[in-house]
2 protein chains.
Amino acid sequence: MLTKEELEEYCKTARESYLPHISIDCVVFGFHEGLLKVLLLTVKNEGGWYLPGGFVLKDEPIELSANRILKERTRLDEIFLQQFHVFGDPQRSKQHFDMYKDMLPPKDNWFTNRFLTIGYYALVDFCDVNPSPDQFAATCSWCDLNDLPELKLDHALILKTALDTLRLQLNYQPIGYNLMQKEFTMPELQKLYETILDKKLDRRNFQRRMLGFGILKRSEKPRKGGAHKAPFLYSFDLENYEAALKEGFKGGW
Amino acid sequence: MLTKEELEEYCKTARESYLPHISIDCVVFGFHEGLLKVLLLTVKNEGGWYLPGGFVLKDEPIELSANRILKERTRLDEIFLQQFHVFGDPQRSKQHFDMYKDMLPPKDNWFTNRFLTIGYYALVDFCDVNPSPDQFAATCSWCDLNDLPELKLDHALILKTALDTLRLQLNYQPIGYNLMQKEFTMPELQKLYETILDKKLDRRNFQRRMLGFGILKRSEKPRKGGAHKAPFLYSFDLENYEAALKEGFKGGW
DNA sequence: TACTCTTGTGTCAAAAATACACTATCGGCG
DNA sequence: CGCCGATAGTGTATTTTTGACACAAGAGTA
């Protein structure tokens with residue numbers, strides 16, 4: 001948590017550096033042990049969680065803003081990012097960072113401004129990410145999508161909208177590619193689809209269909225180590241994947 | 001075109017009333033005589049066309065801004081509006097309203113600011129709209145999508161993105177409902193789909209599929225007057241339509 | 001009344017989706 | 001070391017959906 005002086009300094013810098021009234025919030029999805037995860041952070045001395053977010057530099061394309069913001073939290077560059085909605089209710093940011101609300105008069109206080117926020121969702125390989133807090137965050141960590149804590153502001157709405165978008169785009173965005181590790185087994189990939197769609201799929205039909213797209217390469221050696229029959233390892237054939245995405249995968253789930 | 005004094009006055013009011021750096025641009029689609037149309041406007045003493053747009057009042061939800069902006073141009077209330085993308089390149093608005101560029105120094109000149117623009121597309125019944133210009137526009141009129149004039153700024157990109165979105169959403173948004181008149185014939189509806197998708201569809205299969213959705217009601221009396229067999233008139237069964245949209249129409253075209 | 005154009009409709013074949021059951025192999029355990 | 005339990009791999013029969021296609025009916029016009 002910032003002191004009054006630090007807050008003053010921050011607000012001054014923010015006014016000089018950022019576009020006013022515009023923020024970016026990111027819903028970072030990861031997939032681990034059969035569960036969809038989202039990156040969330042807490043703020044010291046405040047209950048509730050936030051989506052990672054930030055602001056747009058005065059001369060910065062918004063895609064880069066989103067990238068920059070995520071790089072600070074995940075240390076990752078080249079993240080798959082997708083803009084999905086702008087949230088523009090004047091009430092939405094009224095309670096932003098409560099603890100700073102009364103520390104400065106409204107005209108000086110960046111955090112009492114109205115903000116439109118541009119929602120981006122990101123898909124990352126869970127294992128690549130080492131969540132790190134920033135100057136405002138107390139903690140930054142993965143949360144299970146089935147077991148979400150209470151979110152501040154309208155961040156629950158933003159998250160829900162992101163998830164809806166993800167479901168809708170499952171057929172024409174490289175969602176599997178970005179969420180899985182380089183090599184994975186067919187049951188793992190199926191589990192991802194089942195988790196996103198929140199329904200069971202038939203094992204054989206899933207396999208037939210996935211292979212039918214021609215976007216997977218089967219590795220020579222299976223994954224050993226489990227207490228059961230060793231599954232084959234697959235990886236995405238990026239070239240075919242890109243081509244298939246242009247067409248859009250036929251049909252839906 | 002505004003005089004320097006009027007411009008000064010406008011900029012002053014704008015700064016007082018609107019959120020800075022944020023604009024809204026609308027792609028208004030209509031359908032008439034088998035052709036997709038878009039509402040465009042010209043500015044006096046300037047070549048090129050613009051999408052209708054405007055700004056967000058300081059305490060106004062952005063959905064209402066878009067509605068308000070369109071109401072000024074179309075006189076319509078309750079328009080079907082869909083947010084589809086934010087365009088945030090810092091260069092995109094550099095050449096906004098060229099003729100006002102040098103009339104005021106940049107710090108006073110609203111139009112030399114950077115603007116992120118929120119893209120909305122609207123679907124309207126062509127016949128309901130009486131396009132009317134505003135204080136900046138010289139003319140406001142429907143343009144054929146196949147025969148577009150040159151667009152200013154990044155408005156060609158915005159238009160293209162809107163159209164791509166429209167195509168993608170054809171299966172889970174009430175696009176037919178909003179673009180057609182209350183009553184219409186099956187060939188007319190088919191023509192709409194063909195126009196949006198830019199491809200021919202089979203007459204019989206189209207009919208079978210559309211009727212299969214159970215969202216159409218066939219009227220008792222056919223449309224007379226043409227020089228040929230009188231086609232049946234249909235209208236949307238709104239209740240079923242809403243229900244079907246929730247599911248998403250199965251498959252694609 | 002014959003002609004032309006457009007609409008309405010049914011059927012068949014191909015493709016896709018669905019439902020379903022058996023075999024193979026790994027590690028663990030007795 | 002062989003049996004057990006659990007998971008993975010695979011094919012087929014059935015149903016549903018799509019796609020291609022042709023002919024009859026009705027409205028105005030000549």
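The values are calculated or read from the model by the stated rules, or taken from the named source; none is laboratory data. The shown structure was predicted, so the numbers you read here are calculated from the model rather than taken from an experiment. Backbone-built Cβ (ideal geometry, glycine too); neighbour counts: all protein chains shown. When the accessible area is computed, the model is the full protein with side chains, heavy atoms only, and any ligands, DNA or RNA have been set aside. Shrake-Rupley method; radii C 1.70, N 1.55, O 1.52, S 1.80 Å.
Details
- Set against the 2.2 N^0.38 Å expectation for a compact globular protein, chain B has a Cα radius of gyration ratio of 1.13.
- Accessible surface area normalised per residue over the stretch A:183-247 is 67 Å², counting heavy atoms of protein chains with a 1.4 Å rolling probe.
- Accessible area (Å², 1.4 Å probe, nearest 10) - A:ILE62: 0 Å²
- Note on B:LEU157: accessible area is roughly 90 Å² with a 1.4 Å probe, heavy atoms of protein only.
- The loop-placed trypsin sites (Lys or Arg not before Pro) in the stretch A:56-107, going by DSSP, that have at most 10 neighbouring Cβ atoms within 10 Å of their Cβ come out as A:LYS107.
- Shielding by other protein chains, B:15-24, mean Cβ within 10 Å: 3
- Put simply, chains B and A cover up around 1800 Å² of each other's accessible surface, both sides summed, when a 1.4 Å probe is used.
- Sulfur and carbon atoms: percent of accessible area, chain B [1.4 Å]: 50 percent
- Rounded to the nearest 20, the Cβ-based charge dipole of the stretch B:181-247 about its Cα centre (Lys and Arg +1, Asp and Glu -1) stands at 420 debye.
- Exposed GluC sites (Glu not before Pro) absent - longest run of chain A, DSSP non-H/G/I/E/B, at most 16 other C-beta within 10 Å: A:79-149
- The helix-based estimate of mean residue ellipticity at 222 nm for chain A, built from -39,500 (n - 2.57) per DSSP H run of four or more residues and divided by its residue count, is -9500 deg cm²/dmol to the nearest 500.
- Loop-resident trypsin sites (Lys or Arg not before Pro) (DSSP state other than H, G, I, E or B) in the stretch A:187-220 with no more than 14 further Cβ atoms inside 10 Å of their Cβ: A:LYS199, A:LYS200.
- The A:GLN135 and B:ALA156 beta-carbon pair, evaluated with R₀ = 41 Å, returns a calculated FRET efficiency of approximately 0.50.
- Pairs from the table (B:LYS160/B:LYS191; A:LYS182/A:LYS246; B:LYS71/B:LYS217; A:LYS71/B:LYS152; B:LYS37/B:LYS191; B:LYS71/B:LYS221) lying more than 24 angstrom apart at Cα are B:LYS71/B:LYS217; A:LYS71/B:LYS152; B:LYS71/B:LYS221.
- Computed with a 1.4 Å probe over protein heavy atoms only, the accessible area of B:THR139 comes to about 60 Å².
- Helix A:203-213 axis, angle to chain A major axis (alpha carbon atoms, nearest 10°): 80 degrees
- Full extension of the chain between A:GLU63 and A:LYS229 yields a length gain of 55.3 nm, computed as 0.36 nm times the residue separation minus the alpha carbon distance.
- Hits among lysines - C-alpha to C-alpha of B:LYS107 under 22 Å, sequence gap 8 or more where chains match: A:LYS12, A:LYS58, A:LYS107, B:LYS4, B:LYS12, B:LYS58, B:LYS94
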